[in-house]
Amino acid sequence: MALLKVEHLTHRYGDVTALEDVTLEVPEGRVGLVGANGAGKTTLLRILLGMLHPEQGAIEVLGMPMTREPLEVRSRVGYMPEGACLPKDQTAADFVGYAAELAGLPVRAARRRASEILFLVGLHEERFRFLGDFSTGMVQRVKLAQAIVHDPELVLLDEPASGLDPEGREDMLLLINRLGEFGISVLFSTHIISDIEETCDWVVMLDAGKVLRAGPLGRLEVRDSITLEVLGDVAGLVAWLSDRGASVTAQGQVLDVSHTDGDTFDLVRDGLAATESGIVRLGVASTSLEEAFFLPAEENPS
Amino acid sequence: MSNRAVIVDRGYRSYDEERLGRRGAMRAIVKEGFRRVLGLRRKARRKLFPWSLIGISAAIAFIFVGLHWVAGVALGPSAPDLPGYGEYFDLNSGIAILFIAFAAPALLVPDRVEGVLNIYLSRPLRMVDYLAAKIAALAILVLSFYLVPQILMHLGLSVVSTEGFLSYMGANLDILWKVPVVALAYFTAHAAVAVTAAALIPREGFAAGAFFGGIFILNGVAELLTQLDVAGAKYAAFLAIEEYPRVIRDWIFDIDTVDYLVEQSGFEQWTAVPATVAVALLATTVVWARYRRLP
């Protein structure tokens, strides 16, 4: 079952287009939603929860149509907003318990779950402190706790590591990683690509309200080309490869070769033999997620 | 190495038991509303104001009972007519207005300002459920504020009555419907304005001030306008929202405390009832218009 299915989704705030003709299908697991500020990440999350009504488009969350069953969807989804969302005058235990009751859990079960989840996020000792006295890191943990206290199948996290110091950030990413182990799917929005690389197995890249790329993380990171460092006649090898239709970029002795018609490795082997060149190293050209984000759309590996 | 075992990670347990849905969520909001207004499970300073008002309100009821007891014992049948249930509303409503001015913003403003609405609306709840639960919490609190002292007073007066407990109770059965109806009128008129102020103003103190000032300024404006020599000026009497419940109280209890603007302008006392309903409907429209676009 697809975690999310979005077809031709468009949403505008007045004259500003937040999302334009977004079509997506995302599987279960840990999914990263990456894009610059204003790319439409929060708008997409809010639409998935039914908090915003899109101008057009069809949305299915956990196999249920959002427009027809918004309450059923929300009962199975958790949400961690980006901004402030905690009442300063409640204790962590009271608030997380209340959040569980709001999701329909009976009072006793809500209290028990609140205690368990606060332990899980590392706030067991601080659970009876007032939220107004919490540090940013603790606030983010409480926000995560309220999002998972009712045992959702999917949790939507909007910039969960925002405002955290490096240690707090690592802890938060570790917790997000663990959600997958608990069987909770995660849709995790961020503008920091390395966070996605650390936690997710699928990524959706948004830019100015459009889907730039979407696919498994591994596939986005690898381009269909190889890199080799040549000993000897670089120019001759480049000419030989180019004559046979390969696309070659050279930086000193390092060549980046891609070839759509046939096996690139075979072509490079033949080229090396023909020009009597040697190699220092040879391998698949890999691209970091960050580089993939800045690739022109026509080079989209998805 | 210690021999004691230490649990470092309890792991995660899924929840497969009962879920109560929307009704459970609305009950939780009502319960949390009581706690917030009364300062329960909050720091001590949050308790001070509401509980002081509750204490004063109860004290007035006990003073009424004491007066009746002293008058009954000392003067017997020749005792003068002392203020009763209807008059108690006059005293208690002054304190109740303060209570409403505090309670309505406490229920609505922090959720908006602190962003907690995002959490509510990510749960299986609609905005209308949220508002209905908040209004229900306010209604239960304010009606209790009016009714509990009246119940205490009724029991007290029955105990100290020279007619005997049961005879007094039997002779005053009409209290059982009159007091709740008048309390409802007070709640509806005052809460309509307080909730509107709380829905529009982003600071609890300012919202309370706007409500408190607003209803008394409207009284003054209504008085000024009704004195103008202009056709239809008498209808300005209906701007005095604060007076509606008192007019209804006089009508229900068949007493004549003050000649209110509505009456001075030639309207029957019962006209305060549809006027109260109209104010409540107008407030509902304004509050809904504000909240339907949130968060």
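Quick look at the values:
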read-out	value
Residue identified as free of Cβ contacts under 8 Å to residues at least 60 places away in the same chain and outside any loop (DSSP other than H, G, I, E, B) among A:67, A:42, A:10, A:17	A:10
Residue selected from the stretch A:170-205 under the condition among the aromatic types (Phe, Trp, Tyr) and assigned to a strand (DSSP E or B), by the criterion surrounded by the fewest Cβ atoms within 10 Å (Cβ to Cβ)	A:202
Selection from the stretch A:158-178 of residues that are under 17 Å from residue A:33 (Cβ atoms), in contact (Cβ under 8 Å) with a residue 40 or more places away in the chain and touching a helix residue (DSSP H, G or I) at 6+ places or on another chain (Cβ under 7 Å)	A:158, A:160, A:176, A:177
So residue A:100, is it more than 7 Å from chain B (Cβ to nearest Cβ), part of a helix (DSSP H, G or I) and over 22 Å from residue A:53 (Cβ atoms)	yes
Unique match (being crowded, with 18+ Cβ neighbours inside 10 Å and without any contact (Cβ under 8 Å) to a residue 24 or more places away in the chain) among B:210, B:189	B:210
Pairs where the first residue, in the stretch B:15-42, is touching a residue at least 40 places away in the same chain (Cβ under 8 Å) and more than 23 Å from residue B:105 (Cβ to Cβ) and the second is hydrophobic (A, V, I, L, M, F, W, C) and surrounded by fewer than 18 Cβ atoms within 10 Å (Cβ to Cβ), C-beta under 9 Å, 6+ apart	B:21/A:71; B:22/A:71
Every residue from the stretch A:34-68 that is facing chain B (nearest Cβ under 10 Å) and not aliphatic (A, V, I, L, M)	A:46, A:50
Matching entry among A:190, A:199 (being under 10 Å from the mean Cα position of the chain (by Cα) and either free of Cβ contacts under 8 Å to residues at least 12 places away in the same chain or closer than 21 Å to residue A:22 by Cβ (or both))	A:190
Sole exception among (1) more than 9 Å from chain B (Cβ to nearest Cβ); (2) farther than 16 Å from residue B:122 by Cα for residue A:154, by number	(2)
Residue within the stretch A:39-47 that is crowded, with 21+ Cβ neighbours inside 10 Å and within 20 Å of residue B:26 (Cβ to Cβ) present	no
Test: residue B:139 is in a helix (DSSP H, G or I) and touching an Asp or Glu at 6+ places or on another chain (Cβ under 8 Å)	no
Some residue of the stretch B:144-165 being within 26 Å of residue A:102 (Cβ to Cβ) and either surrounded by 17 or more Cβ atoms within 10 Å (Cβ to Cβ) or of a type in the set (S, T, N, Q) (or both)	yes
Set A:84, A:39, A:110, A:114: member being closer than 30 Å to residue B:204 by Cβ, at pLDDT below 95, of a type in the set (A, V, I, L, M) and touching a Gly at 6+ places or on another chain (Cβ under 9 Å)	A:84
In the stretch A:134-169, the residues that are assigned to a helix (DSSP H, G or I) and farther than 21 Å from residue B:118 by Cα	A:166, A:167, A:168, A:169
Residue match in the stretch A:161-175 (condition: polar (S, T, N, Q) and more than 8 Å from every other protein chain (Cβ to nearest Cβ))	yes
Whichever residue in the stretch A:71-97 is in a helix (DSSP H, G or I) and within 7 Å of another protein chain (Cβ to nearest Cβ) and, among such residues, is surrounded by the fewest Cβ atoms within 10 Å (Cβ to Cβ)	A:71
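Residues checked against (1) in contact with a Phe, Trp or Tyr (Cβ under 9 Å, 6 or more places away or on another chain); (2) of a type in the set (S, T, N, Q); (3) at the interface with another protein chain (Cβ under 10 Å from one of its Cβ atoms); (4) touching a residue at least 12 places away in the same chain (Cβ under 8 Å):
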{"residue": "A:116", "(1), (2), (3), (4)": "yes, no, yes, no"}
{"residue": "A:124", "(1), (2), (3), (4)": "no, no, yes, no"}
{"residue": "A:147", "(1), (2), (3), (4)": "yes, no, yes, yes"}
{"residue": "A:150", "(1), (2), (3), (4)": "yes, no, yes, yes"}
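The values are calculated or read from the model by the stated rules, or taken from the named source; none is laboratory data. What you see is a predicted model, and the numbers here were worked out from it, not measured in a lab. A quick note on method: Cβ atoms are made from the backbone with ideal geometry, for glycine too, and the neighbour counts reach across all protein chains shown.
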